[in-house]
Amino acid sequence: MVAQKNIVLVGFMGTGKSSVGKIVAETTGRKLVEMDALIEKQEGMMISAIFAGKGEKYFRDKERKVVQELSAKCGLVISTGGGVVLNAENIADFKKNGIVICLSATPETIFERVKNETHRPLLKTKDPLAKIKELLGVRAPFYARADVTITTDGKKIEQIADEVVQAAR
Ligand code: S3P
């Protein structure tokens with residue numbers, strides 16, 4: 001049997017990577033790996049505590065190691081953290097063995113989805129919408145490196161998952 005390629009979901013915080021990833025894993029018979037949850041397990045700390053106690057650089061180095069581990073495997077749906085694209089080597093590694101699909105949304109949609117959540121260290125600011133716009137501006141060229149981009153505004157999770165499955169065929 002030919003090894004199944006990985007389906008790698010990238011995209012900004014609040015674009016639905018985790019919820020979509022669950023459905024895509026179920027419908028394609030792949031194992032789901034949540035990168036942030038894996039990092040939390042390996043470190044024994046929440047992401048927010050890693051950022052606060054050890055700093056963003058430590059987190060990014062750890063994230064890089066996990067990308068190296070996961071991109072050596074196959075048959076996975078990998079739901080990444082929103083900043084994984086910032087290191088071009090991460091995307092290059094994922095592409096060797098899989099398709100990289102970016103979920104996108106407008107800053108306003110993202111703000112509506114994340115405004116009542118408290119676990120994202122980068123959005124713990126006075127004006128999260130402004131921060132979202134700023135980060136999206138900086139990151140746009142990095143997200144553009146994905147193989148495929150799927151917009152998620154106004155769509156149900158099931159529809160987005162379906163589009164991901166079609167794109168990965
Ligand atoms: C981050 C996104 C988070 C998490 C960390 C950094 C980012 O993941 O990895 O807080 O830089 O955009 P989600 O995209 O799952 O929220």
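The values are calculated or read from the model by the stated rules, or taken from the named source; none is laboratory data. Since we're looking at a predicted model, the values are computed, not measured. Here Cβ is always computed from backbone atoms with ideal geometry, including for glycine, and neighbour counts include all displayed protein chains.
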For this session: Please find, within the range 47-98, the residue that is nearest to the chain's Cα centre (by Cα) out of those that are among the acidic types (Asp, Glu) and within 15 Å of the ligand (Cβ to nearest atom).
Result: GLU63
For this session: Could you grab me the full set of residues in the range 23-37 that are buried (at least 16 other Cβ atoms within 10 Å of the Cβ) and either farther than 26 Å from ALA168 by Cα or not β-branched (Val, Ile, Thr) (or both)?
Result: ALA25, ARG30, LEU32, GLU34, MET35, ASP36
For this session: Test LYS133 against the criterion of being modelled with pLDDT of 95 or more, basic (Lys, Arg) and exposed (fewer than 15 other Cβ atoms within 10 Å of the Cβ), and give yes or no.
Result: no
Problem set entry | the range 99-135, residues that are outside any loop (DSSP other than H, G, I, E, B), of a type in the set (Gly, Ala, Ser) and within 14 Å of the ligand (Cβ to nearest atom) | SER104
Exercise. Restricting the search to the range 61-85, which residues are over 20 Å from THR15 (Cα atoms), in contact with a helix residue (DSSP H, G or I) (Cβ under 7 Å, 6 or more places away or on another chain) and not β-branched (Val, Ile, Thr)?
Worked result: LYS62, ARG64, GLN68, SER71
Problem set entry | Pick from the range 14-37, criterion within 8 Å of the ligand (Cβ to nearest atom) and out of contact with any helix residue (DSSP H, G or I) (no Cβ under 8 Å at 6 or more places or on another chain), ranking: farthest from THR109 (Cα to Cα) | SER18
For this session: Please tell me if GLU40 is closer than 20 Å to LYS96 by Cα and within 12 Å of the ligand (Cβ to nearest atom).
Result: no
For this session: Give me a count of the residues in the range 97-142 that are in contact (Cβ under 8 Å) with a residue 12 or more places away in the chain, of a type in the set (D, E, K, R) and over 26 Å from GLU40 (Cβ atoms).
Result: 2
For this session: Enumerate the pairs (first residue in the range 2-27 and in contact (Cβ under 8 Å) with a residue 24 or more places away in the chain and over 24 Å from ASN87 (Cβ atoms); second residue anywhere and surrounded by fewer than 24 Cβ atoms within 10 Å (Cβ to Cβ) and of a type in the set (D, E, K, R)) with beta-carbon separation below 7 Å, excluding pairs fewer than 6 apart on the same chain, so at least 6 apart or on different chains.
Result: GLN4/ARG30; ILE23/GLU158; ALA25/LYS31
Exercise. Residues in the range 64-73 that are loosely packed, with under 14 Cβ neighbours inside 10 Å and in contact (Cβ under 8 Å) with a residue 24 or more places away in the chain: how many?
Worked result: 2
Problem set entry | Yes/no for GLU63 being within 23 Å of LEU136 (Cβ to Cβ), of a type in the set (Asp, Glu) and in a helix (DSSP H, G or I) | yes
Problem set entry | The one condition in (1) under 18 Å from GLU89 (Cα atoms); (2) within 15 Å of the chain's Cα centre (by Cα) that ILE39 fails to fulfil | (1)
Exercise. Restricting the range 47-60 to residues that are among the hydrophobic types (A, V, I, L, M, F, W, C) and in contact with a helix residue (DSSP H, G or I) (Cβ under 6 Å, 6 or more places away or on another chain), which is surrounded by the most Cβ atoms within 10 Å (Cβ to Cβ)?
Worked result: ILE50
